[in-house]
Amino acid sequence: MTESALNSLTDSAAHPLARHETPLIALAGQPNMGKSTLFNLLTGLNQHVGNWPGKTVERREGTFSLDSTPVRIVDLPGTYSLTANSPEEVIAREFILREQPDVVVAVVSAANLERSLYLVAELISLPSPLVVALNMVDVAEHEGLHVDVDILQTALGVPVVPMVATRAQGVRELLEVIRQVLNGERVLMPRVPEIRSDHRQALQDISRLISGHVPPPYPTEWVALKLLEGDSELTKMMQEILPAEKWQAVHQVLLNHDDAQMAVASGRYEWVGRMIRAAVARPPIGQISVTERLDRWAAHPLWGLIFLGLVLGAVFWVTFTVGSPIQNWLETYLIGGLISWADVLLRNAPFWVHSLVVDGILGGVGSVLTFLPILAIFFAVFGLLEDIGYMARAAYVMDNFMHLMGLHGKSFLPLFLGFGCNVPAVIGSRVIDSEQARLLTILVTPFMPCTARMAVVAFIAAAFFGPYATLVSWGFVLLSLLMLVLVGTLLNRVIFKGQRSAFIMEMPLYHLPNWRTIGLLVWQRSLAFIQKAGTTILFLSVIIWVLSVLPNGDLNSSILARIGHWVEPIGRMMGLDWRLTVALLTSFMAKENAIATLGVVFGNSQGVGLAQILTSTFSHASALAFLSATMLFIPCAATMAVIHQETGSWRWTVLNILLMLVVSFAVSSAVYWIAVALRV
Amino acid sequence: MLQKLLQALQSNETLSTEQIAKQLSTTPQMVLVMLEHLEALGYIHQVESCTEACSQCPLSNVCHTGKNKPVKVWQVNSHYRPQIPLE
């Protein structure tokens, strides 16, 4: 508004249509819509704060000058609707109905009209003239939303003023519109929402029954609508006022329309939907349409699964292309160099000191530490997928897939966490209400390939399968997921009886990644891995070393070898010798420990890295069997502990161990013998 | 519209807000607002996605999932399901 126009406001002396001697304006709106900012802008220091009578809700009232005459303004409590759900809602509607302000200003957010307009749908049905202050238009524009003010104004039938309250933009225009309304220069033709058509007769019936009994200032039809909505305060009031037979008749209508609450709200949402469709334009290109276009593939029940498979394949491709060469370099030059240096340095030290440092610590923990580049890439790629909003889609398509297999919908949440680590995944099963469904989810969670397992797979696959490592790793992840579905389906039929229920999830918009967040994530997780290597894996490596040198310093006659030979017959059926079988067994404490054990057992005495020693010792068929056993073997000790904690039962914990043992043994044996038959 | 949303929830499938918005010819934001309304009316409840798990998890300080970006998920309350009227 121009300066001259503003001056014209002060030239006119009175507001002919104002009901109050001092015009009264009420500011209404939902919380966080900028109502208080507007109130402060208008009143400055001319405001006082107290409490609403008999309530602990804050009342803010002030004055400002319009046309040289003072105007009272009351900042109503922030509310989402005008039903008696909270003291704030009762205060807001009672004030509007009893005080009958000359203008009610509804402050709404242009960036979130869907949420804001429901209250407008209620306010517009009340007798006081309504003006809509369309706040935060800058935020809406920033998000690519354009609200056509003229169309919205026409659709609502009341004035709409665009503004940015935080920058005092649009305030003068709002005051001009208020002045016009007060002076009768703006004719308002509010378009009020209607109740759903199948309840209109009920509304008329109640209106007719209560007509003549409704105390002022309540409008009869509004009270009838609120009775249908089940408003507790008005129901109580009308029950006390109406003669018994009339109340019985009203009560009967309400009983016959027990879904009336839905019908009233439905009518309002239809109304809000019409306003949005008419006035809000979303950008043809940009963030929203990119999300929609990507989701045609990424969230499709079939293509989404294929897309997920390709994404996992790409993760492994990046890992092997970038991570494996660095891992090889670290193993050969850093760990190999450290071993050579320690070998020379400790040449004259006692045997056990030399062996502990070279074979136990550097051979064990050193081998595991070389995983760091591979893990860092996993963390970075999964962090990236999560940050851009893809992981929610991955969970969504997995969930649809699980539904096809008869698994419970809610299970996807904890299973989703299982990609990182199985421990939070098991604890996450608490979100599932049904005891049986929760149990089923816990039992299948260890089939989710955690990053520790994937790191072991990345190490072995790169060593044995070179250019085909991506394909092999990808295949083992898919094998794990397939086993999860098969075992889940089987258990579902036995213990869960195939119950299902609807499930709705909000998909976040795709957006550009925040590299700082991803960097921080990689740093924190890598640090946690190094800490784990320096504590748990170091401790276990030393134990394995002790077992490998006792009683006489010879590995082949050591306690470890005896244990290995004892379990070897089972391992042989999977193509694993006692060393691989022992490595598999020690992965029970931590999955990465499988490599640490192989590092201790094979040492580095041959002057080459562990990967090279392994490829020259074992066949490809044995490597494949070892990989499938690693992916499907019993969960680590931490996961087992939380399984016991969450099920509260040793029976289910042991059953889970047995289940995983049987599955890993059966699948690994099958993989080994098929590979032998195919001469892989 | 609220009624149509409830009918969509009777499919017993897993649905995204975008999918429902398409079915109802509205925006996902509108679906979110209606879901919150249905939640307030007691027809559905929001599933506490990851927060509880994270508070108990030893890896919570290094985990990125759940804690920073919880996925909002709702489920139909079983005791209300028979009352959802069909058109």
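The values are calculated or read from the model by the stated rules, or taken from the named source; none is laboratory data. Not measured: the values here are computed from a predicted model. For neighbour counting, all protein chains shown are included, and Cβ atoms are generated from backbone atoms with ideal geometry for every residue, glycine included.
Annotations
- From the list A:GLN248, A:GLN252, A:GLN261, the one residue that fits, being surrounded by fewer than 22 Cβ atoms within 10 Å (Cβ to Cβ), within 14 Å of another protein chain (Cβ to nearest Cβ) and assigned to a helix (DSSP H, G or I), is A:GLN261.
- In the stretch A:523-540, the residues that are surrounded by 15 or more Cβ atoms within 10 Å (Cβ to Cβ) and either within 10 Å of chain B (Cβ to nearest Cβ) or of a type in the set (D, E, K, R) (or both): A:GLN524, A:ARG525, A:SER526, A:ALA528, A:PHE529, A:LYS532
- Selection within the stretch A:308-343 - buried (at least 20 other Cβ atoms within 10 Å of the Cβ) and of a type in the set (Val, Ile, Thr): A:VAL315, A:THR319, A:ILE335, A:ILE339
- Per-region count, the stretch B:17-29, residues touching a helix residue (DSSP H, G or I) at 6+ places or on another chain (Cβ under 6 Å) and either part of a helix (DSSP H, G or I) or more than 7 Å from chain A (Cβ to nearest Cβ) (or both): 8
- Taken residue by residue, the stretch A:266-278 has no member that is crowded, with 19+ Cβ neighbours inside 10 Å, assigned to a helix (DSSP H, G or I) and away from chain B (no Cβ under 11 Å).
- Total residues in the stretch A:346-378 satisfying the condition of being of a type in the set (Gly, Ala, Ser) and at pLDDT 85 or above: the figure is 1.
- Cβ separations smaller than 8 Å between residues 6+ apart or across chains give the following pairs from the stretch A:195-217 residues that are within 22 Å of A:PRO243 (Cα to Cα) to residues that are surrounded by 12 or more Cβ atoms within 10 Å (Cβ to Cβ) and basic (Lys, Arg): A:LEU209/A:LYS246; A:ILE210/A:LYS246; A:HIS213/A:LYS246.
Each row is one residue, and each column tells you yes or no for (1) surrounded by fewer than 14 Cβ atoms within 10 Å (Cβ to Cβ); (2) at pLDDT below 90; (3) over 18 Å from A:VAL131 (Cα atoms); (4) in contact with a strand residue (DSSP E or B) (Cβ under 7 Å, 6 or more places away or on another chain).
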{"residue": "A:MET1", "(1), (2), (3), (4)": "no, yes, no, no"}
{"residue": "A:PRO16", "(1), (2), (3), (4)": "yes, yes, no, no"}
{"residue": "A:ALA26", "(1), (2), (3), (4)": "no, no, no, yes"}
{"residue": "A:GLY29", "(1), (2), (3), (4)": "no, no, no, yes"}
{"residue": "A:LYS35", "(1), (2), (3), (4)": "no, yes, no, yes"}
{"residue": "A:ARG60", "(1), (2), (3), (4)": "no, yes, yes, yes"}
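- Residues that are at pLDDT below 90, under 33 Å from the mean Cα position of the chain (by Cα) and in the same structural domain as A:LEU209 (by TED's automatic domain parsing) occur at least once in the stretch A:242-259.
- Within the stretch A:177-186, the only residue that satisfies the criterion of being in contact with a helix residue (DSSP H, G or I) (Cβ under 8 Å, 6 or more places away or on another chain) and in a helix (DSSP H, G or I) is A:ARG179.
- Hey, A:TRP352 farther than 13 Å from A:TRP545 by Cβ and of a type outside the set (A, V, I, L, M) or not: no
- Applying the condition of being surrounded by fewer than 23 Cβ atoms within 10 Å (Cβ to Cβ) and among the hydrophobic types (A, V, I, L, M, F, W, C) to the stretch A:422-436 and asking which residue is modelled with the lowest pLDDT yields A:VAL431.
- Evaluated against (1) of a type outside the set (Val, Ile, Thr); (2) outside any helix (DSSP H, G or I); (3) surrounded by 22 or more Cβ atoms within 10 Å (Cβ to Cβ), A:ARG679 falls short on exactly one condition, (3).
- In the stretch A:541-575, residue surrounded by the most Cβ atoms within 10 Å (Cβ to Cβ) [restricted to those that are assigned to a loop (DSSP other than H, G, I, E, B) and without any contact (Cβ under 8 Å) to a residue 60 or more places away in the chain]: A:SER558
- Residues of the stretch A:588-598 satisfying the condition of being surrounded by 24 or more Cβ atoms within 10 Å (Cβ to Cβ) and among the small types (Gly, Ala, Ser): A:ALA594, A:ALA596
- Which listed residue, of A:ALA629, A:ALA638, A:ALA621, is touching a Cys at 6+ places or on another chain (Cβ under 9 Å), part of a helix (DSSP H, G or I) and surrounded by 15 or more Cβ atoms within 10 Å (Cβ to Cβ): A:ALA638
- Within the stretch A:344-360, the set of residues being surrounded by fewer than 19 Cβ atoms within 10 Å (Cβ to Cβ), closer than 24 Å to A:ASN593 by Cβ and out of contact with any Leu (no Cβ under 7 Å at 6 or more places or on another chain) comprises just one member, A:TRP352.
- Subset tally (residues that are closer than 19 Å to A:VAL104 by Cα and either hydrophobic (A, V, I, L, M, F, W, C) or assigned to a helix (DSSP H, G or I) (or both)) for the stretch A:187-231: 5
- In the stretch B:30-50, of all residues being at the interface with another protein chain (Cβ under 7 Å from one of its Cβ atoms) and modelled with pLDDT of 85 or more, the one that is surrounded by the most Cβ atoms within 10 Å (Cβ to Cβ) corresponds to B:MET34.
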